[in-house]
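Q: After the structure tokens below, expect a handful of questions from me.
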């Protein structure tokens, strides 16, 4: 059985060890959907970001970060990176590549190529995965981009 607290603790330790200005929030109810996340955080769906994990043709992890109500265009991701169209990662690949379970993946804290849609950068703060489906992390969009070395490029449909 997967212990969700272990994933939340792992992210909390990463934030502390790397002196990242972010707040992790753990809730009673799940934050798996954008609506659930916005409700839990008492925020707007536009304040929620999704980290869509993709696998490139060489098996590398690509993380496409878009606003809560947006969808990722895999063809735009491919064009931005000058690669073949990547595939959506399976839950097993997400766990193996990020160290987090599907539904709680933060937008930072592991190796990957990070692409951030410009619409995300319009927000002062965003909420991203907090390590488990029951947690979120509030972080400045600018800090997020700095720590994951994200390329800002239009990747939404």
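Values in this text are rule-based calculations from the coordinates and carry no lab data. Every value quoted in this text rests on a predicted model; they were computed, and no experiment measured them. Backbone-built Cβ (ideal geometry, glycine too); neighbour counts: all protein chains shown.
Q: Percent relative contact order of the chain, based on C-alpha pairs within less than 8 angstrom and at least six residues apart?
A: 29
Q: Oh, and also: Over the Cα atoms, compute the radius of gyration (one decimal) and Dmax (the largest Cα-Cα distance, rounded to a whole number) for the chain, in Å.
A: Cα only, the chain: 14.3, 42 Å (Rg, Dmax).
Q: Give me the tail of P(r) for region 93-157 as a percent: Cα-Cα pairs with distance above 15 Å.
A: 52
Q: Please report the antiparallel percentage of the DSSP beta bridges confined to the chain, to the nearest 5.
A: 75
Q: Here's another thing I want to ask about it. Using per-residue counts of other Cβ atoms within 10 Å, averaged over each peptide, order 128-135, 113-120, 7-14 from highest down.
A: 128-135, 113-120, 7-14
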